[in-house]
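The values are calculated or read from the model by the stated rules, or taken from the named source; none is laboratory data. On a predicted model such as this, the values are computed, not experimentally measured, just so you know. Counting neighbours? That spans all protein chains shown, and the Cβs are built from the backbone with ideal geometry, glycine included.
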Amino acid sequence: MPHNPRMNMSDPANDDITLLLGDARRGSALAQERLYSFVYRELHRLAERQLRGDREHGGATSLVHEAWFKLSRGSTEFNDRQHFFATAARAMRQILIDRARERQADRRGGGVRAQTLDGVALEVSASGQDLELLALNQALDQLAALDERLAQVVEMRFFGGLELSEIAPLLKVSERTLKRDWRRARAFLYQSLGSGAPPPE
Amino acid sequence: MSTADPARWARVSAEFDRIVELEGDAREAALALLAEEEAALAAEVRALIAADAQSDGLLEHREETLAPIAADQRPELGGGWRVIEAIGRGGMGEVWLAESLGGGVGHRAAVKLLKRGMDSDALLERFLQERRILARLSHPAIAGMLDAGITPDGRPFLAMEFIRGEPITAYARRAGLGLTARIRLLAEVADAVDHAHRQLVVHRDLKPGNVLVDEEGKPHLLDFGIAKVLGEDTDQLVVTATGVRVLSPAYAAPEQVRGEDVSVAADVYGLGVLLYELLTGRLPHQRSGRVERLAQEISEERALRPSSAVSEAARAQAVPWARRLAGDLDTILLKAIHPEAERRYASAAALADDLRRYLSGRPIHARPDRGWYRFGKFLSRHRLATVVTGASLVLLLGTLGWSLGQARTAHSEALAARALLRQQALAMAQVEARSATLARALDELAGIDARGSPVARARAWLRVATALADAGQVDSARRALAVSREQAGANPDPVLERAQDQLESRLARR
């Protein structure tokens with residue numbers, strides 16, 4: 001892992017998390033930084049436990065929710081929750097991408113394309129999946145260069161599991177605008193990922 | 001979008017947001033208008049809209065995509081197979097890469113097995129059906145069955161030849177295949193499909209993901225999961241547990257979408273769509289991917305000639321062989337993807353044969369739809385046939401104008417203009433070869449009946465005017481443009497107006 005789970009930054013005490021969230025939300029870069037590494041570490045720990053089979057397998061969203069449940073200690077401040085999820089979305093993206101990179105590096109030969117499943121099932125391949133995830137990550141960076149907000153929307157929704165209705169107040173735009181944003185971002189990403197009918201150049 | 005240009009993206013975004021809300025003809029019309037204004041922008045918007053139509057991609061499977069953060073829970077296969085790693089998983093099944101314990105080093109297979117809890121009778125039956133089908137087939141370009149068995153925990157599995165490769169379209173792009181190489185490759189796929197047909201097996205799900213090309217450039221047909229044995233009544237199996245018919249919207253033949261009996265013609269269609277995509281970089285039809293709307297969509301769709309599909313400005317550079325599509329390749333492709341099954345190639349072999357004839361410069365067998373046939377289709381599409389039985393072409397076109405005339409009161413000058421246009425259209429219709437665009441524009445015009453908005457009619461007339469201008473009929477084009485302006489009169493649409501102005505200045509230069 002490129003990020004050591006035992007980072008040299010001290011754990012904020014559990015009752016500090018609300019303060020930290022508040023500071024981060026009010027724009028303190030240091031608080032945001034600390035919050036990020038804290039959330040990253042927490043999610044990472046949960047993911048590791050999953051990998052060792054210590055806990056029921058549950059997917060990324062459930063991890064984010066579990067981390068929030070654990071860290072929030074009953075904070076009911078709506079803005080805190082939103083801010084936490086936005087941060088967690090970023091951390092989760094990082095974790096998943098790191099893991100996909102590692103697995104790709106492990107795979108000798110590399111670059112194996114998916115052999116598809118049939119009409120019985122959706123076609124998602126584990127090795128192909130990593131490649132897809134990495135491609136998505138790259139496309140998301142491209143999108144961010146064009147339109148930061150769209151990329152954020154995707155990050156929060158896809159990696160963080162937030163609903164559009166939860167993202168709207170966070171980005172201070174209407175849900176309607178966000179729906180259009182999501183549709184446009186989705187089209188952009190699918191186009192970048194070369195699905196549909198790519199040009200044969 | 002190749003370069004990060006936020007200003008340009010903002011323009012693309014605005015047009016995308018506007019046009020993606022439109023449907024069917026209105027969407028096409030808006031794209032066509034935009035293309036006249038700024039072809040490159042329109043091409044970008046079109047590509048985005050095509051991507052928007054994808055209904056089943058990575059972003060739709062969030063949980064599944066992000067789930068494998070957990071370790072693979074490798075199943076015990078028994079039967080001399082050991083699982084190496086997961087290849088894919090989905091709603092009901094899993095595919096694992098496995099190696100044979102007895103078969104020597106490197107003896108690998110893609111093992112497909114049903115998920116636990118998914119062993120309903122219908123699914124089991126389908127699994128067994130696939131096994132029976134695979135057992136019939138033996139062809140170098142068909143991924144064959146190596147073994148079949150039951151896992152220790154009671155799940156049936158199929159071990160199939162493991163193909164390392166990539167989807168045919170991606171392969172062609174990455175390997176930079178030229179026109180002839182692409183055609184040759186598809187002819188090989190058609191051979192494999194023909195082999196299956198001769199064993200009475202219809203694949204029914206031909207699409208890039210099911211045709212992988214290996215490192216040596218050899219195609220492999222996979223996945224007979226929803227294939228059917230001709231003459232057997234197995235169609236109820238093509239319904240998933242949730243009751244949705246399994247098909248790949250972009251590649252399914254119209255009769256499949258309608259749920260009708262499927263024959264080898266459906267695979268000919270699938271091969272046609274694959275080739276169309278290989279040669280033009282786009283699909284012949286823009287389908288929304290929403291199953292509930294497909295039936296309506298296919299009843300209205302007409303495929304653009306491949307040569308026209310690539311001539312849209314931005315594509316022209318990307319498809320170096322654009323000019324070679326007109327003629328025989330247009331004819332072959334449109335025959336392969338003909339909406340009526342009985343007008344397609346009678347077999348995959350016949351398609352392969354025509355492709356090879358084309359490659360070797362011999363005359364092909366396919367003939368384009370003749371003018372009278374197209375006209376007949378035009379009649380039946382618009383339900384005018386009964387009205388005009390026995391009537392002349394002139395009367396038909398008169399009817400067309402009449403329905404439009406009914407829609408709005410127009411002053412006599414405009415009426416005269418239309419009368420002239422009708423004559424013009426007739427003359428053009430007789431010059432079949434050159435009138436394809438005009439015929440399409442007229443089709444569209446007829447499609448927008450009295451209920452269409454003035455703006456929609458104005459757009460349709462503008463297309464007629466443009467088609468006339470393209471055909472060198474300057475005077476008629478002017479008159480059609482006048483009608484377009486007249487129709488738009490009360491509700492000027494700025495985009496439309498710009499396009500009208502553009503055509504006008506183009507006509508003025510003549």
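Scanning the stretch B:149-160 for residues that are buried (at least 20 other Cβ atoms within 10 Å of the Cβ) and aliphatic (A, V, I, L, M) gives B:Leu158, B:Ala159, B:Met160. The set of residues in the stretch B:303-329 that are modelled with pLDDT of 75 or more and not hydrophobic (A, V, I, L, M, F, W, C) comprises B:Arg305, B:Pro306, B:Ser307, B:Ser308, B:Pro320, B:Arg323, B:Arg324, B:Gly327, B:Asp328.
Here is the figure for the stretch B:168-187: residues that are touching a residue at least 60 places away in the same chain (Cβ under 8 Å) and more than 23 Å from A:Leu193 (Cα to Cα) total 7. Please give the number of the condition B:Leu278 fails out of (1) among the aliphatic types (A, V, I, L, M); (2) outside any helix (DSSP H, G or I); (3) modelled with pLDDT of 80 or more. Result: B:Leu278 passes all but (2).
Per the listing B:Glu166, B:Glu188, the residue uniquely of a type in the set (D, E, K, R), modelled with pLDDT of 90 or more and over 15 Å from B:Val319 (Cα atoms) is B:Glu188. Looking only at residues in the stretch B:161-184 that are assigned to a loop (DSSP other than H, G, I, E, B) and within 28 Å of the chain's Cα centre (by Cα), which one is surrounded by the most Cβ atoms within 10 Å (Cβ to Cβ)? Checked the stretch B:161-184; the qualifying residue surrounded by the most Cβ atoms within 10 Å (Cβ to Cβ) is B:Gly165.
Here B:Thr240 does not fit the description of being hydroxyl-bearing (Ser, Thr, Tyr), in contact with a strand residue (DSSP E or B) (Cβ under 7 Å, 6 or more places away or on another chain) and modelled with pLDDT under 75.
Within the stretch A:142-159, the presence of at least one residue that is modelled with pLDDT of 80 or more, under 30 Å from A:Leu21 (Cβ atoms) and part of a loop (DSSP other than H, G, I, E, B) is confirmed. Taken over the stretch B:151-165, the criterion of being farther than 14 Å from B:Asp223 by Cα, in contact (Cβ under 8 Å) with a residue 60 or more places away in the chain and touching a Phe, Trp or Tyr at 6+ places or on another chain (Cβ under 7 Å) is satisfied by B:Thr151 alone.
Kindly provide the set of residues from the stretch B:66-90 that are farther than 24 Å from A:Ala91 by Cβ, at pLDDT 55 or above and not charged (D, E, K, R), ordered by number. Talk me through it step by step, then tell me what you get.
To start, the set of residues in the stretch B:66-90 that are farther than 24 Å from A:Ala91 by Cβ comprises B:73-90.
Filter again for at pLDDT 55 or above, leaving B:73-89.
Passing the criteria: B:Gln73, B:Pro75, B:Leu77, B:Gly78, B:Gly79, B:Gly80, B:Trp81, B:Val83, B:Ile84, B:Ala86, B:Ile87, B:Gly88.
Considering the stretch A:155-196, the residues that are of a type in the set (A, V, I, L, M, F, W, C) and within 8 Å of chain B (Cβ to nearest Cβ) include one that is surrounded by the most Cβ atoms within 10 Å (Cβ to Cβ), namely A:Phe188.
Here B:Leu212 clears all of (1) among the aliphatic types (A, V, I, L, M); (2) under 20 Å from the mean Cα position of the chain (by Cα); (3) not in a strand (DSSP E or B) except the condition numbered (3).
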